[in-house]
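Peer 1: One structure, as structure tokens, below. Some questions next.
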């Protein structure tokens, strides 16, 4: 009788602990596209003053700061993500600064991770287009890493 | 509708088994006790209980054993299961059939002419199954594009798995030749064909599969009718 109740206890214990139902934060999520801003002449990292980054047709501003590199999210189920990068933006004045529109063309894959984390998206960058306007502050782009599978290095260099 | 149909099936099955048990043999008042050798056939009722409590589960499992010697029974099990697995990030269906075969060893010493069993045993199981992913969530801490829920059916067909089960249980003879029992099992995966870009998270017959180890658990609540073949004097 004692053995039987012990077995039942063991059974309940085995049922209750399911460690793989928790997505650990140590597992990397969908990688962002890492942009690095470089000086056109020296080829060194150079900060962009008061840079505003906003997705096209997205009402929310993704970021607004002075930085030399940043990760931006790409769409999970479309081959194109468009951002506007505004240099010298002043949040008190609308339409201030120099706005450049940048198009990221890519292929995407959904990769299975685990029961608890589900899937992540990885990307394969095809090309990057800067829409021409009267005064582009972005002078050139260069794809360093076409396969976006992690956030360890800069994927795309932006020269200004 | 299906549930009512299944219940009807059980009621008729139970009535049938009860009727059959009326044809029991007369007791021989020997000084020596005899025990029955035969073939037991029945059903794993835990699946039907699960169908009533879990709305997204369907299963039918037929079980049986043949008494090979005084203590050894050759056991087999055949079944089919369908299960919708849903958690915060995944929603998929698993559907398939399985077969198990193995041995039960009766460790219970029956007194007089009682014929109950407490057994330990093992099973070798194998299953063939399909997964259909209905929807999933992209693991992305950034919600800027709010595009993380993907509804895109993906099929993974013709998958196979095999495993070994260790089983502990009992069978009690409630009326002549009608047995009811309960068993617990610990399963260990031996091999599996995993789908490309997914995993076997549920295997029919095996139950839930954990990703960080290959051990699973299960239990059965069984009801079986024994077709008696002959009676043999106990040693």
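Peer 1: Where in region A:19-112 are there strands (runs of 3 or more DSSP E), lying wholly inside it, with at least 1 residues that are at the interface with chain B (Cβ under 10 Å from one of its Cβ atoms) and crowded, with 17+ Cβ neighbours inside 10 Å? Break it down into steps so the answer makes sense when it comes.
Peer 2: Numbers: elements: A:33-38, A:48-55, A:61-67, A:69-72, A:80-87.
Strands (runs of 3 or more DSSP E) meeting the threshold: A:48-55, A:61-67, A:69-72, A:80-87.
Peer 1: When only residues in region B:197-235 that are closer than 22 Å to residue B:153 by Cα and in a strand (DSSP E or B) count, which is farthest from the other protein chains (Cβ to nearest Cβ)?
Peer 2: By that ranking, first place goes to B:203.
Peer 1: While we're looking at this one, here's another question. Under the condition of being assigned to a strand (DSSP E or B) and more than 14 Å from chain A (Cβ to nearest Cβ), which residue from region B:166-179 is farthest from residue B:209 (Cα to Cα)? Steps first, answer last, please.
Peer 2: Applying the first criterion (assigned to a strand (DSSP E or B)) to region B:166-179 yields B:166-175, B:178-179.
Retained after the next criterion (residues that are more than 14 Å from chain A (Cβ to nearest Cβ)): B:171, B:173-175, B:178-179.
Working: B:171: 28, B:173: 34, B:174: 35, B:175: 37, B:178: 33, B:179: 31 Å.
Looking at the filtered set, the residue picked out is B:175.
Peer 1: Only one residue in B:130, B:142 is more than 14 Å from chain A (Cβ to nearest Cβ), surrounded by fewer than 19 Cβ atoms within 10 Å (Cβ to Cβ) and over 30 Å from residue B:103 (Cβ atoms). Which one?
Peer 2: Going through B:130, B:142 in turn, the sole match is B:130.
Peer 1: Any residue at all in region B:180-196 that's farther than 29 Å from residue B:41 by Cα, within 14 Å of chain A (Cβ to nearest Cβ) and buried (at least 16 other Cβ atoms within 10 Å of the Cβ)?
Peer 2: Looking through region B:180-196, at least one residue is farther than 29 Å from residue B:41 by Cα, within 14 Å of chain A (Cβ to nearest Cβ) and buried (at least 16 other Cβ atoms within 10 Å of the Cβ).
Peer 1: Hey, can you tell me all the residues within region A:113-148 that are within 14 Å of chain B (Cβ to nearest Cβ) and farther than 20 Å from residue B:143 by Cβ?
Peer 2: Residues satisfying the conditions are A:114, A:115.
Peer 1: Which ones in region A:58-83 are more than 17 Å from the chain's Cα centre (by Cα) and under 19 Å from residue B:147 (Cα atoms)?
Peer 2: Here is the first cut: in region A:58-83, the residues more than 17 Å from the chain's Cα centre (by Cα) are A:59, A:66.
Within region A:58-83, just A:59 meets the criteria.
Read the figures in this text as sums done on the coordinates, not as results from a lab. Note that this is a predicted model, so its numbers are computed, not measured. Positions of Cβ are generated from backbone atoms using ideal geometry, with glycine treated the same way; all protein chains shown enter the neighbour counts.
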